[in-house]
1. Using a 1.4 angstrom probe with every protein chain in place, what is the largest-first accessible-area order of Leu471, Leu494?
2. Determine, from the Cβ-Cβ distance of Ile245 and Ser121 and an R0 of 25 Å, the FRET efficiency 1/(1 + (r/R0)^6), rounded to the nearest 0.05.
3. Quote to one decimal, in nm, the extra length available between Ser88 and Ser134 on full extension: 0.36 nm per residue of separation minus the C-alpha distance between them.
4. Which residue, chosen from Gln4, Tyr51, Thr118, occupies the Cα position most advanced towards the positive end of the dipole of region 1-120, where the dipole is computed from +1 (Lys, Arg) and -1 (Asp, Glu) charges on Cβ about the Cα centre?
5. Magnitude of the Cβ-charge dipole of region 29-83, K/R +1 and D/E -1, about the Cα centre, nearest 20 debye?
6. With 31 Å as the limit, write out which pairs from Lys81/Lys231; Lys231/Lys304; Lys47/Lys176; Lys153/Lys307; Lys409/Lys482; Lys47/Lys231 have Cα-Cα distances beyond it, or answer none.
7. In nm, what is the difference between 0.36 nm times the number of residues separating His503 and Thr205 and their Cα-Cα distance?
8. Could you work out the relative contact order of region 1-120, using alpha carbon pairs under 8 angstrom and six or more residues apart, expressed as a whole percent?
Amino acid sequence: MSWQPGQVDDLQQILTLLRQSQSPDTQIQRQVQARLESLNQYPDFNKYLVYILTKLIDEQEATRSLSGLILKNNAKSHYEKFPDEVRSYIKQECISALGDRSPLIRATVGILITTIVTKGSLEQWPTLLEHLYSCLDSPDVNLCEGAFGALQKVCEDSADQLENAPSQPLNVLIPKFIQFFLHSHSKIRSHAIACVNEFITPRATALMSNIDLFLENLFQLANDTDSDVRKHVCRALVMLIEVRIERLIPHMQQIIEYMLLTSQDADDTVALEACEFWLMIADQPICRDVLQPYLDKLLPILCKNMKYSEIDVIILQGDIDEDEHIPDRIEDIRPRFHRARTRQHAPNLLDDNDGTSQPNNATDTNNNSTPANSQADQHLQDDDDEDDDDDDDESGASADQATEWNLRKCSAAALDILSNVFRETILPILLPILREMLFHSDWQIKESGILVLGAIAEGCTYGLTPHLPDLVDYLIKCLNDKKPLVRSITCWTLSRYSTWVVHNEVEQNKFLIPLMS
């Protein structure tokens, strides 16, 4: 017979703590967190947590999910100390809840499963993959989606285990994943592509032997109506540029035209994935030949994408005009780019702190979320982020959102590296665009034009030299712009042309002294 809570009062006590932990009162949160941590001394506490997650289907989703995420954190910290019967019960209940009616609970179960696999090993849970595989063919869409969600997380976190397992499960799993690329449910299509994508960069043998089948099915999803599916398609093509570009060359014209279209996708997350393509192709020997015919279409798209998004303007308070009378907060004057991040495959491009610099690699998918500091769904959202340094101030989240890798920065980085490939040959296309942007009445377009000018400083220096007296004069005047973000980007762009300003002795009195003033 399956384990049952020994005391109803114990179960109610834990439920009360979980509900209280969602209080906006930080003092209550701290008290609840201390109490929850003290319960870890009781071996059955983790059984109660998984029981709440998987059995109390009439309890609020947020409370159930939070219970699972606390259990995840406990497993992450000391899974090896769990008694065998506790481990077995947790595994059994995770399997039983894969098809829960709630997407939030299914996702939480998947997080718990991948944590157990990561802290232990696939060999310690020999029935897991076989069971997840069998669930994929279930007529119950919830069960199929829950199994796929768990598999995606295991593929993300334990790709090496899957690749090197003696039973070679990828030989069965990858063809199975590809079968689901055309599934009628978009969430399942998205999971299927995401699972396979984890094995592109490692060049998993099972994927390389099915590469033609993979590409054939991938191309059929190029115009999928679901944004997550399109995002994963773009991500796959970007990684394939690095890993198996010879397979893409016969289709390169169609791929470039697709990426031009998708770089303008209404969903910024899709456009960002597409924009990564220009970074990756710029590092390939074929870049000049394949992109030259498309520069007149590509460059305007990159320039347009460099405008701040509306949410960025709100977060950065960019619509404030003169802000000299507003005292600086601590979070305003700390380094702006201290926690930027990106995927592992994009090259390092701009090394200046302008907001376009390529962030450091970071791919860890598990976050030590504390159990008592937010709603459960926020915990779940955060769980796919990397382990970051703690930030207690409320502005930390918004500052991070404004400085993380985004479409603006990716587009600027792409323009920078492409200007180093094509040099002055892009100026006939760019100069008319720049002229319109720099003198635009919309300050956001003007600001992005100044960013464009800074991005091409290295690659187009020679061709821009005749224009620099007028451009630098214009930039110095922009240092007095009423918009702080315009003044900020102007400082960075001027730094990119500082060598010309300093070494141009004839113009020193005209530019250097006013600039330093």
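1. Leu471, Leu494
2. Given R0 = 25 Å and the Cβ-Cβ separation, E is 0.15.
3. Numbers: separation 46, 0.36 × 46 = 16.56 nm, distance 2.02 nm.
Contour length minus Cα-Cα distance gives 14.5 nm.
4. Final value for the positive-end residue is Thr118.
5. Taking the Cα centre of region 29-83 as origin, the dipole is about 160 debye.
6. The answer is Lys81/Lys231; Lys47/Lys176; Lys153/Lys307; Lys47/Lys231.
7. Between His503 and Thr205, full extension yields 101.8 nm more.
8. The normalised contact order for region 1-120 reaches 25 percent.
The values are calculated or read from the model by the stated rules, or taken from the named source; none is laboratory data. All values reported here derive from a predicted model rather than from experimental measurement. FYI the Cβ positions are ideal-geometry reconstructions off the backbone, even for glycines, and counts take in every protein chain you see. Quick note on the areas: whole protein, heavy atoms, side chains included, nothing else; ligands and nucleic acids left out. Shrake-Rupley method; radii C 1.70, N 1.55, O 1.52, S 1.80 Å.
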